[in-house]
Amino acid sequence: MKALARFAVLAGSVALTFFAMAGPEPLPVNESKNVSKPEEPRVWQGFYIGINAGYAFDLHSEVSDLDFLNAGPPVRTFSFDSDGPVAGGQVGFNLQPLSWLVLGIEGDTGYLGVHGRARQPGSPPGGTFAEINPGVYATARGRIGWAHDNWLLYVTGGWFGSDYERRVEDNEICSCGFQLGHAANDDFKSGYTVGGGLEWLFREHWSLRVEYLYFNVGDGTVTVPIFQQGPFRFGFDDDGGHIVRGGLNFKF
C-alpha cells in the first residue's frame, strides 16, 4: 500500500513537471491577435499661406494684319515670344482623407512681368510694331496630391486671369508729318491654367515647393486709328505661356 502511494506521488510530480515545461496551449492560428500598423499622421491637412517667385517664358503671340495696313509685300502675320519674372503670394487649404491622398484649393495673386515686342516684316521704314505687357495676375485652382511621409506630389488646375495690354504702333512718318497711329487694348483677361508640383515639409509648419504652370488667356484684337485712312485691326492669337516658380508656405 505504501509502495502504491509512493508511485502515485511520483507520477503526479512527473506530470506537473511536464506541463510546467510544455507551457500553455498555443492559440489557434485564426484566433491570434492582429497587430495593426499605425497610420501615418495627416501632416498636410489645414490652412496655409505663402510666397512665391519664378520666371515666365515662351508666351507665344501670333499677330495678324487683318485689314492690310501694310499690303505689300503681303506679310500679314508675324509672331514673337515674351518672357519675364513673376512673383506673388498664395493661400490655400488641404484635406487629407487618407494618409496618401491630399485634396486642396488654392488661390494666388502677384505680378507677371512679361514683355514682348516685334516689328511687322515688310512694314514701311518707320515700322509697325506689336507688343504685349501683362501685369497683375490671379489664379483659383484645385489640387490633388499623393503624399508620402513629408513629401507631396500634386497636380493642379483652374482659372487664370491677368491685366493684359496688347499694343500696336505705326511709327512711319508720312509726307504730312504725322505719326500714322498707335492704339492699345488694356483690360483684364480670363483663361485657364494647369500644372503640377512637388512640396517638401521640412519643419512642422514650414514647407518648400517647386511648381510648374501653363496659362492661356485667349485671343484679342487691337484697332488702330490711322490718319486719313480710317481704322485698321490687328488680331492677337496668344498661345499661352509657362511659369516655373519656387514657393515657401507656412501651415497653421
Checklist line | Entirely in region 150-252, the strands (runs of 3 or more DSSP E) that have 2 or more residues that are modelled with pLDDT of 85 or more | finding: 151-173, 179-201, 206-216, 230-251
Check: Mind checking which residues of region 88-138 are part of a loop (DSSP other than H, G, I, E, B) and either at pLDDT 90 or above or acidic (D, E) (or both)?
Finding: S99, W100, G113, V114
Notebook entry, point to check: Can we say G181 is small (G, A, S), surrounded by 14 or more Cβ atoms within 10 Å (Cβ to Cβ) and over 29 Å from F129 (Cα atoms)?
Noted result: no
Note to self: Looking at the structure I just gave you, is A130 more than 11 Å from the chain's Cα centre (by Cα), in contact (Cβ under 8 Å) with a residue 40 or more places away in the chain and surrounded by 15 or more Cβ atoms within 10 Å (Cβ to Cβ)?
What the structure shows: yes
Checklist line | Hits in region 35-57 (condition: touching a Ser or Thr at 6+ places or on another chain (Cβ under 9 Å), of a type outside the set (A, V, I, L, M) and at pLDDT 95 or above) | finding: W44, Y48, G50, F57
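The values are calculated or read from the model by the stated rules, or taken from the named source; none is laboratory data. For clarity, every value in this text was computed on a predicted model and none was experimentally measured. Glycine gets a Cβ as well: all are built from the backbone with ideal geometry, and neighbour counts include every protein chain shown.
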